[in-house]
Amino acid sequence: MKKSNFVALVLGTISGVFFALGMCMALLPEWDAFRPGVGLGCIGAVMALITVFVWRKMEHKNPIRITGKSALVVLIALVGSLALGIGMVNVMVWANLIAGIVIGLAGIVALMMLIPICKGLR
């Protein structure tokens, strides 16, 4: 295993643990730790971004360029993921079956749009 991959593995694991623990703290009412949980989750997310930059630096890769296409891809991925999650919450938590299925399917369609946008059609 290369040194850069090992460093990315360790940093990614640590950031994942911070993020997961923060989300558990924020979303479990029994713990009564919403604000510290959000803070810990943000620390985990920032560490994940740092992991990407450290790994790219150790691999001697060019910095990530932000283009219009990459911004569009990120926006579609965020909207699709949120719609899918909102649809699942509607069905499983709020017992709103029809709206949940419609919103969830819209999220799935948005996520499926990422394949031709990223890879293109031939």
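Quick rundown of the values:
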{"quantity": "Index of the failed condition, ASN62 passing every other in (1) surrounded by 15 or more Cβ atoms within 10 Å (Cβ to Cβ); (2) of a type in the set (S, T, N, Q); (3) without any contact (Cβ under 8 Å) to a residue 12 or more places away in the chain", "calculated": "(1)"}
{"quantity": "Candidates VAL38, VAL10, filtered to the one that is assigned to a helix (DSSP H, G or I) and touching a residue at least 12 places away in the same chain (Cβ under 8 Å)", "calculated": "VAL38"}
{"quantity": "LEU82 part of a helix (DSSP H, G or I) and either over 26 Å from GLY22 (Cα atoms) or of a type in the set (S, T, N, Q) (or both)", "calculated": "no"}
{"quantity": "Residue in the range 97-112 that is over 30 Å from LYS2 (Cα atoms), in the same structural domain as SER15 (by TED's automatic domain parsing), touching a residue at least 12 places away in the same chain (Cβ under 8 Å) and surrounded by 13 or more Cβ atoms within 10 Å (Cβ to Cβ) present", "calculated": "no"}
{"quantity": "Count of residues meeting criterion [surrounded by 15 or more Cβ atoms within 10 Å (Cβ to Cβ) and part of a loop (DSSP other than H, G, I, E, B)] in the range 13-35", "calculated": "1"}
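Each row is one residue, and each column tells you yes or no for (1) of a type in the set (Phe, Trp, Tyr); (2) surrounded by fewer than 15 Cβ atoms within 10 Å (Cβ to Cβ); (3) under 15 Å from the mean Cα position of the chain (by Cα).
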site	(1), (2), (3)
MET47	no, no, yes
VAL74	no, yes, yes
LEU82	no, yes, yes
ASN90	no, no, no
VAL93	no, yes, no
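The values are calculated or read from the model by the stated rules, or taken from the named source; none is laboratory data. The shown structure was predicted, so the numbers you read here are calculated from the model rather than taken from an experiment. Here the Cβ is made from the backbone with ideal geometry for all residues, glycine too, and neighbour counts use every protein chain on show.
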